[in-house]
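All remarks here apply to the structure that follows.
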Amino acid sequence: MSTRATSFQERIASGKTILLGEIHPPQGADPEPLRTTAKRYAGKVHAVGVSDNRDRVAMSALAAASLLIAEGLEPILHVTTRDRNRIALVSEVLGAQALGISNLLCTSGTHQTLGNFRAARNVYDIDAVQLLQTYAHLASDCGLLGESGLEGAGPFCLGAVASPDADPRDLQLVRLAKKIQAGAKFLVTQPVYDLERFEAWWKEVTRRGLHEQAAFLAGIQPLSDAHLAQAGPRPQPGIPEPLIGRVASRSDPGARRAAAVEIALETIRRLSNLPGMRGFCISADGDHEAALQIIEQSGLAGD
């Protein structure tokens, strides 16, 4: 078990552009599809987020992350408070550390009523800020569990989620600052579609100097047929109607994907000009062809 800085931590410290991918574990126990996908991302991104039952029941994120290491990828384990109490949350990362995983994205998780398991009970024993605080001081102070500390635990490279579209903006920025104070070294935003709104939010982030305290990565997710289905006759919140129209107007799935990729690349180009923006996290909800096309055509791969 090593406590040296990971390559991802070193990338954060370097000040260079960061490029992340994201992989959803498969809905089954067969590791081969995961291994095949991992090989496609190896050498093209600096690390890969591994989602934790975001909107479906799947292989555990911890098991999937350990499989990715064997394929040459550095994983970022997503840890959600929705499904576990504080005991299980601490146990999870001790197991992760034993397997050589020390990059953690701490989040409350998508509410179960927004996925396919509406009948499941949630936990939410603690929130994402408390989770960050716990992991940041696990070795010296584990008061959340009534322990003085767990010797040898950590250090971890901690990250969290930022929500540029959430209201009220000022309160969301206060919470974002709390995440950084609690130990977040990197922040991944929710997928960006409304560029004007995002830029107004970024202006406030930089005015408060938050970008100097943690690495901010903009989430990039191409619009999919699922987005179009959710939008229906009305614009989907957070996604400007003209973007929906650009994709929906295409006649076949291939043309719609091409339009979505084009929009994603335009978004990357525009956000790349924002002072202080450190990089991007590319996710395509399982459409790895689209995600890898964005990675390649953005010119960010392999740096």
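No lab work stands behind these numbers, since they all come straight from the coordinates. Worth saying up front: this structure is predicted, and the values here are computed from it rather than measured. Cβ sites come from the backbone with ideal geometry, for glycine too, and all protein chains shown count toward neighbours.
Quickly run through region 1-27 and pick out the residues that are surrounded by 18 or more Cβ atoms within 10 Å (Cβ to Cβ) and either under 15 Å from residue 286 (Cα atoms) or in contact (Cβ under 8 Å) with a residue 60 or more places away in the chain (or both). Can you show your working first?
To start, the set of residues in region 1-27 that are surrounded by 18 or more Cβ atoms within 10 Å (Cβ to Cβ) comprises 6, 8-9, 11-12, 18-25.
Passing the criteria: 6, 8, 9, 12, 18, 19, 20, 21, 22, 23, 24, 25.
So in region 267-285, with the set limited to residues that are in contact with a helix residue (DSSP H, G or I) (Cβ under 9 Å, 6 or more places away or on another chain) and farther than 19 Å from residue 46 by Cβ, which one is surrounded by the fewest Cβ atoms within 10 Å (Cβ to Cβ)?
275
Got a sec? Which of 30, 55 is surrounded by fewer than 22 Cβ atoms within 10 Å (Cβ to Cβ), acidic (Asp, Glu) and touching a Gly at 6+ places or on another chain (Cβ under 8 Å)? Before the answer, list the steps.
Numbers: 30 fails: touching a Gly at 6+ places or on another chain (Cβ under 8 Å).
Of the residues listed, the single one that is surrounded by fewer than 22 Cβ atoms within 10 Å (Cβ to Cβ), acidic (Asp, Glu) and touching a Gly at 6+ places or on another chain (Cβ under 8 Å) is 55.
Taking region 144-164 on its own, how many of its residues are within 20 Å of the chain's Cα centre (by Cα) and either in a strand (DSSP E or B) or within 17 Å of residue 277 (Cβ to Cβ) (or both)?
Matching residues across region 144-164 total 8.
Please give the number of the condition residue 61 fails out of (1) touching a strand residue (DSSP E or B) at 6+ places or on another chain (Cβ under 8 Å); (2) aliphatic (A, V, I, L, M); (3) surrounded by 15 or more Cβ atoms within 10 Å (Cβ to Cβ); (4) farther than 20 Å from residue 160 by Cα.
(4)
Since residue 171 meets every condition but one in (1) assigned to a helix (DSSP H, G or I); (2) hydrophobic (A, V, I, L, M, F, W, C); (3) within 29 Å of residue 99 (Cα to Cα), which condition does it not meet?
Of the numbered conditions (1) assigned to a helix (DSSP H, G or I); (2) hydrophobic (A, V, I, L, M, F, W, C); (3) within 29 Å of residue 99 (Cα to Cα), the odd one out for residue 171 is (3).
State all residues of region 260-271 that are farther than 24 Å from residue 23 by Cβ and free of Cβ contacts under 8 Å to residues at least 60 places away in the same chain; if no residue qualifies, say none.
Our first condition is that a residue be farther than 24 Å from residue 23 by Cβ; within region 260-271, this holds for 266, 269-270.
266, 269 - these are the residues of region 260-271 that are farther than 24 Å from residue 23 by Cβ and free of Cβ contacts under 8 Å to residues at least 60 places away in the same chain.
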